[in-house]
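A short write-up of the structure that comes next.
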Amino acid sequence: MTAQHTTMAERRAWLSIPVFARPSGLSYHQQMELLEKAYAQTRPDDVTVTSWLVVVARRGGAPA
């Protein structure tokens with residue numbers, strides 16, 4: 001497990017990229033309106049932590 005620390009401003013920038021915008025079913029414009037409403041309830045320097053499970057695979061016969 002690893003933790004990714006990002007600010008709300010960084011997260012907002014990431015979610016503004018069309019391929020990462022969610023939820024689907026809404027137009028990009030609607031998604032950005034929703035993101036702006038949510039972002040207005042935060043502070044840009046608030047830090048969020050996301051936990052990630054990192055899996056490393058090795059080819060058979062490769063030294064450990």
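Take the conditions (1) open to solvent by 90 Å² or more (accessible area, probe 1.4 Å); (2) assigned to a helix (DSSP H, G or I); Val55 misses just one of them, which is (2). Taken over the range 18-32, residues that are exposed (fewer than 12 other Cβ atoms within 10 Å of the Cβ) and either at pLDDT 90 or above or in a strand (DSSP E or B) (or both) amount to 1.
Scanning the range 33-47 for residues that are out of contact with any strand residue (DSSP E or B) (no Cβ under 6 Å at 6 or more places or on another chain) and either of a type outside the set (S, T, N, Q) or surrounded by 11 or more Cβ atoms within 10 Å (Cβ to Cβ) (or both) gives Glu33, Leu34, Leu35, Glu36, Lys37, Ala38, Tyr39, Ala40, Thr42, Arg43, Pro44, Asp46. Considering only residues that are modelled with pLDDT of 90 or more and farther than 23 Å from Ala3 by Cα, which ones fall in the range 39-64? Residues satisfying the conditions are Ala40, Gln41. For the range 5-17, the count of residues that are touching a residue at least 12 places away in the same chain (Cβ under 8 Å) and exposed (fewer than 10 other Cβ atoms within 10 Å of the Cβ) is at least one.
The values are calculated or read from the model by the stated rules, or taken from the named source; none is laboratory data. This structure is a prediction, so every number in the text was calculated from the model and none was measured. Ideal geometry is used to build each Cβ from the backbone, glycine not excepted, and the neighbour counts take in all protein chains shown. Keep in mind that these areas ignore ligands, DNA and RNA; they rest on the heavy atoms of the full protein, side chains included. Shrake-Rupley method; radii C 1.70, N 1.55, O 1.52, S 1.80 Å.
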